[in-house]
Amino acid sequence: MQLGKLIGVSQKAIDYWERSVNEPKASYIIALVKVFGVSFDEFFENIEN
């Protein structure tokens, strides 16, 4: 199953996130944390400012 379907967002939105065109809303970040089974700290661990 595609990630977009799991969290209720289009593939185009995910593409924008990956290319830093847009950032996901908090509700999608929460969904991503749940899908990947990680803590918020782990999720944001490798993100640069």
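Mind checking the per residue accessible area of the chain for me, 1.4 Å probe, whole number of Å²? Please report the intermediate quantities before stating the final value.
Numbers: 4100 Å² over 49 residues.
Counting only protein heavy atoms, the per-residue value for the chain is 84 Å².
Taking Kirkwood radius over Cα pairs in Å straight from the coordinates, which label in (1) 11.3; (2) 13.8; (3) 13.4 is the correct one?
Only one option fits the structure, namely (1).
Just how much of LYS5 is accessible, in Å², when a 1.4 Å probe is used and the result is rounded to the nearest 10?
Probe radius 1.4 Å; accessible area of LYS5 about 150 Å².
Carbon-plus-sulfur fraction of the accessible area of the chain, 1.4 Å probe, in percent? Working shown, then result.
On the way: 2070 of 4100 Å².
Of the solvent-accessible surface of the chain, carbon and sulfur hold 50 percent.
Accessible surface of VAL21 in the full protein assembly, 1.4 angstrom probe, to the nearest 10 Å²?
80 Å²
Which value, in debye to the nearest 20, describes the size of the charge dipole of the chain about its Cα centre when Lys and Arg Cβ atoms bear +1, Asp and Glu Cβ atoms bear -1, and nothing else is charged?
That gives a dipole near 360 debye.
Which is farthest toward the positive dipole end of the chain among ALA26, PHE36, GLY8, measuring Cα position about the Cα centre, with Cβ charges +1 (Lys, Arg) and -1 (Asp, Glu)?
Working it through, the farthest residue towards the positive pole turns out to be GLY8.
Amide H of ASN22: which non-local residues (sequence gap of 5 or more, or other chain) have their own amide H closer than 5 Å, using H built in the peptide plane?
Under 5 Å from the amide H of ASN22 lie the amide H atoms of TRP17, each far enough along the sequence or on another chain.
The values are calculated or read from the model by the stated rules, or taken from the named source; none is laboratory data. None of the values given here were measured: they were computed from a predicted structure. For neighbour counting, all protein chains shown are included, and Cβ atoms are generated from backbone atoms with ideal geometry for every residue, glycine included. Calculation scope for accessible area: heavy atoms of the full protein, side chains included, ligands and nucleic acids excluded. Shrake-Rupley method; radii C 1.70, N 1.55, O 1.52, S 1.80 Å.
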